[in-house]
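Here's the structure, in structure tokens; my notes come after.
Read the figures in this text as sums done on the coordinates, not as results from a lab. All values reported here derive from a predicted model rather than from experimental measurement. Backbone-built Cβ (ideal geometry, glycine too); neighbour counts: all protein chains shown.
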Amino acid sequence: MTRAFVVPFSFFVGLVIVWQVFVVAAAIPEYLLPSPLVIVGTLDKSLLTEIGYTAGEALCGFAIAGVLAFTGAILFVRFRTIEQGLFPIAITLKTTPIVAIAPLLVLWLGTGWWSKVAAAALISFFPVLVNTVKGLKAPEADFQDLFRTMRADQFQVFRKLRVPYCLPYFFSALKISSSLAIVGAIVGEFVGAEHGLGYLIVISSAHLETPAVFQAIGAAALIGISMFYTLEFFEKRIVFWIQLETE
Amino acid sequence: MNLRAVGLPVDSRAPQPDAGLVLADNVIIRFGDVDAAGPISFSVMSGEFISLLGPSGCGKSSLLRAIAGLIPIASGRLSIAGQPPGEAAAMRVGLMFQKPLLLPWRTTLQNIVLPAEIATGSSGAIDRSERSQALELVRMVGLSEFADAYPHQLSGGMQQRAALARTLMSDPDILLLDEPFGALDEFTREALNEKLLSIWKSGATRLKAVIMVTHSIPEAVAMSDRILVLSSRPARLLEVVPVRLSHPRDPANADFARILGVTRAAARPS
């Protein structure tokens, strides 16, 4: 085990112990703050079903957003007019909170699967678009001159220079968007759903079943962490020459 | 007199006064309202190694880029084998940059074959002879052991050698060098200059002329057949210094020192 793993893990265990001791010693009621032992002890197999719903919606939306954003970025960089026309609109949409849009999505797409997928896709689309555009434009002028001296056409410049050059930016954006996709799915479930972690949180908190709320929160975090590290696994292998910082 | 016309054997790399490979006639290069170079006139003959020597920022790199067809000239006439730069289909021009500009996701060998891949158009598949040519170039620049290494695994000097091999891969007739080893330490730089000269002299390539941009006077004297001494921006021709010394050139040699002095005096701002 590396030190980089052991140190944060020890701190995590330490915090959980402090939490447990505090709840028991101060006799905090379970509906306000359940102890870690209660949260884990009341775990139920049905949680897996809810995880499945939310993870599925988030992943599906995330995948759609990734494909659309990558394609859109290429169009933006290839055709300046499209970029000039749509980029300001994209920025406006990006700054609009998903919470404000989610009720509309449910209204249009219903309380089922697709309104959540749309929310997840919408929220994860823009970071990927913006970063990929940045990456496609990142090759310095000298690189473009180099390709001109080799008499490369636009398609070759994209295929052999711009696209590989933007991959680190693309992956870095995917990692940011992976956690956003879960936010999107859960917000969609808050507004109107019969399944999922968001639904579980709303229902359980209304019934003061606080341990279930904590279980759902933990599960959402687990989905996010697994998506992040899966992406990082692929990033390390595909973009082996560089890794950009992800905040 | 045209020696070819009367059927006499001609060494294609020997200077031929009637074969101006690159001709610049009152060329001016302008960026917006700022004059970058000129008016300047010079010619480069077949078989010549020419240095464009001038202070940093004088516009010598702009001249080189104009010859490569990367930037337009504002006025005057610039031709390569009688045709405008960038259109001279019969003459291939290879430009080597100050930075290696290797694609980090490609190995040394993959970087070197890039010009061949691009020349194939959409298929991007190179044939066996191109592959063996690339391997030969890898050997020529001394990178055989690093053919499958990635740029980040190479030293700065090795990266520039790979860049040189890539430039030669497109089989240029005219090699343009923009301070190719300027970012390297002096030891590496000298070794690479010798490597470059040996490739140029070997006749293993199609090269007919080399034009090198430099701000190092000793480097210009050590490498070139003629030195075009340029003024500060906008670059004008101050003096042409012929260097009639055989290779390898010894900086301790009295003639070398004399030419060094002449070049220094010509380059001194008046």
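Restricting the stretch B:178-202 to residues that are loosely packed, with under 15 Cβ neighbours inside 10 Å and acidic (Asp, Glu) leaves a set whose member that is nearest to B:LEU101 (Cα to Cα) is B:ASP185.
Any idea which residue in the stretch B:102-112 is farthest from the other protein chains (Cβ to nearest Cβ), counting only those that are more than 20 Å from the chain's Cα centre (by Cα) and assigned to a helix (DSSP H, G or I)? Taking the candidates together, the pick is B:LEU109.
For the stretch B:217-243, the set of residues classified as out of contact with any strand residue (DSSP E or B) (no Cβ under 8 Å at 6 or more places or on another chain) and within 27 Å of B:SER155 (Cβ to Cβ) consists of B:PRO218, B:ALA222, listed by residue number.
Within the stretch B:211-221, identify whether any single residue is small (Gly, Ala, Ser), within 21 Å of B:LYS201 (Cα to Cα) and in contact (Cβ under 8 Å) with a residue 12 or more places away in the chain, and answer yes or no.
So far as the stretch B:211-221 goes, yes, one or more of its residues are small (Gly, Ala, Ser), within 21 Å of B:LYS201 (Cα to Cα) and in contact (Cβ under 8 Å) with a residue 12 or more places away in the chain.
In this structure, A:GLN215 does not satisfy being more than 12 Å from the chain's Cα centre (by Cα), surrounded by fewer than 22 Cβ atoms within 10 Å (Cβ to Cβ) and of a type outside the set (Ser, Thr, Tyr). Against the list (1) surrounded by fewer than 16 Cβ atoms within 10 Å (Cβ to Cβ); (2) in contact (Cβ under 8 Å) with a residue 12 or more places away in the chain; (3) within 14 Å of chain B (Cβ to nearest Cβ), the condition A:PHE240 fails is (2).
Residue-wise test of (1) in contact (Cβ under 8 Å) with a residue 60 or more places away in the chain; (2) within 14 Å of another protein chain (Cβ to nearest Cβ).
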{"site": "A:LEU146", "(1), (2)": "no, yes"}
{"site": "A:VAL157", "(1), (2)": "no, yes"}
{"site": "A:VAL183", "(1), (2)": "yes, no"}
{"site": "A:GLY192", "(1), (2)": "yes, no"}
{"site": "A:GLU232", "(1), (2)": "no, no"}
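Give, as residue ranges, the helices (runs of 4 or more DSSP H) completely inside the stretch A:74-144 that count at least 3 residues that are surrounded by fewer than 17 Cβ atoms within 10 Å (Cβ to Cβ) and under 18 Å from the mean Cα position of the chain (by Cα).
Numbers: elements: A:80-95, A:98-109, A:113-136.
Qualifying helices (runs of 4 or more DSSP H): A:80-95.
With respect to (1) in a strand (DSSP E or B); (2) within 25 Å of A:ARG162 (Cα to Cα); (3) not polar (S, T, N, Q), the lone exception for B:PRO115 is condition (1).
Filtered by the rule that a residue be part of a loop (DSSP other than H, G, I, E, B) and either in contact with a Pro (Cβ under 8 Å, 6 or more places away or on another chain) or aliphatic (A, V, I, L, M) (or both), the stretch B:118-138 gives B:ALA125, B:ILE126.
Residue check: B:GLY121 meets all listed conditions (1) free of Cβ contacts under 8 Å to residues at least 12 places away in the same chain; (2) within 10 Å of chain A (Cβ to nearest Cβ); (3) more than 20 Å from A:LEU161 (Cα to Cα) but one, namely (3). Close Cβ contacts (under 7 Å, 6 or more residues apart or on different chains) running from residues in the stretch B:250-270 that are within 22 Å of B:ASN193 (Cα to Cα) to residues that are acidic (Asp, Glu) comprise B:PHE256/B:ASP250.
Among the residues of the stretch B:143-155, those that are surrounded by 15 or more Cβ atoms within 10 Å (Cβ to Cβ), away from chain A (no Cβ under 14 Å) and outside any helix (DSSP H, G or I) comprise B:LEU143, B:ALA147. Each residue in the stretch B:68-101 was checked for being facing chain A (nearest Cβ under 9 Å) and not in a loop (DSSP other than H, G, I, E, B), and 3 of them qualify.
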